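J.: If you scroll down you'll find the structure; I have some questions about it.
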Amino acid sequence: MLSKRIKIILFCFSMLIIVGFSIFLLLSFTTENVAQTKKNTTIDYTKYGSILLTIVGKRADNIDFTNSSLFKFVPIEKSDYKNQNILVKEGNTLSFYALRFLYLPGDTRQESNISFRLKVIDANLPTQKLVMDRVNINEFAIVNEDLKYFFLNDSFNTDSVNDGVTNFKISNYNFNEKTGKLQFVFSFNVDGENNETGNDMAIIGNVDVVVL
């Protein structure tokens, strides 16, 4: 009888230890999340500017749509936004790379982003030439008023008719080397066979960023 009571006591004691340890882990995890959330909300992830993306076309059901979204957040890690928000100089050639997210870093929807590479050949010379070979739009959902949506997850080759890209243009280019502020507008068309809607689409990007 005594042995049975001891077993019951030991079992209860073991359960108390397990429950206590579980509560400790839960509190530790919650505290860590709160700390990370505070960190994310106190850092200004928008201070390096934004890319305003406007897309005009017809959905797969042939309903017209226009969507404008502001991609204004740099990545969470400092090393990332330094590597993905840069200017590289090679003689008179300037190479820019910028990546911007649609939502605050740490949000589960953070994957929605846009990026580009812009090369300025013979910068500030009469022979200056602007070249941007690709525009990447990743995990971006276009949601309409009737709650129907579609995703863009594409890398558009701006110099390839084979990818259905035409009428590519860059305008209003300006770069201030002292402040690192880069501004320009790009636009192009994508035919229906090369985007999710099956219809022709116009894409316009208004870039106003600061590179490092």
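J.: Out of 186, 175, report the one residue that is touching a strand residue (DSSP E or B) at 6+ places or on another chain (Cβ under 9 Å), open to solvent by less than 50 Å² (accessible area, probe 1.4 Å), assigned to a strand (DSSP E or B) and closer than 14 Å to residue 114 by Cβ.
T.: Exactly one of 186, 175 is touching a strand residue (DSSP E or B) at 6+ places or on another chain (Cβ under 9 Å), open to solvent by less than 50 Å² (accessible area, probe 1.4 Å), assigned to a strand (DSSP E or B) and closer than 14 Å to residue 114 by Cβ, namely 186.
J.: Also: Counting only residues that are part of a loop (DSSP other than H, G, I, E, B) and touching a residue at least 12 places away in the same chain (Cβ under 8 Å), which one in segment 147-172 is nearest to the chain's Cα centre (by Cα)?
T.: 158
J.: Another question, if that's okay. For segment 128-146, how many residues are farther than 13 Å from residue 55 by Cβ, over 17 Å from the mean Cα position of the chain (by Cα) and open to solvent by less than 90 Å² (accessible area, probe 1.4 Å)?
T.: Residues meeting the conditions: 6.
J.: Let me ask something else. Can you pull out every residue in segment 101-136 that is aliphatic (A, V, I, L, M), closer than 30 Å to residue 62 by Cα and either touching a Gly at 6+ places or on another chain (Cβ under 9 Å) or at pLDDT 95 or above (or both)?
T.: Of everything in segment 101-136, those that are aliphatic (A, V, I, L, M), closer than 30 Å to residue 62 by Cα and either touching a Gly at 6+ places or on another chain (Cβ under 9 Å) or at pLDDT 95 or above (or both) turn out to be 114, 135.
J.: Exactly one condition in (1) among the acidic types (Asp, Glu); (2) open to solvent by less than 100 Å² (accessible area, probe 1.4 Å); (3) modelled with pLDDT of 95 or more is false for residue 90; which is it?
T.: Answer for residue 90: the failing condition is (2).
J.: Still on this structure, please answer the following. Do we find a residue being closer than 28 Å to residue 103 by Cβ, in contact with a Lys or Arg (Cβ under 6 Å, 6 or more places away or on another chain), of a type outside the set (Val, Ile, Thr) and not in a loop (DSSP other than H, G, I, E, B) anywhere in segment 195-210?
T.: no
The values are calculated or read from the model by the stated rules, or taken from the named source; none is laboratory data. These numbers come from a predicted model, not from an experiment. No Cβ is skipped: glycine too gets one built from the backbone with ideal geometry, and neighbour counts run over all protein chains shown. Please note that ligands, DNA and RNA were not included when accessible areas were found on the heavy atoms of the full protein model with its side chains. Shrake-Rupley method; radii C 1.70, N 1.55, O 1.52, S 1.80 Å.
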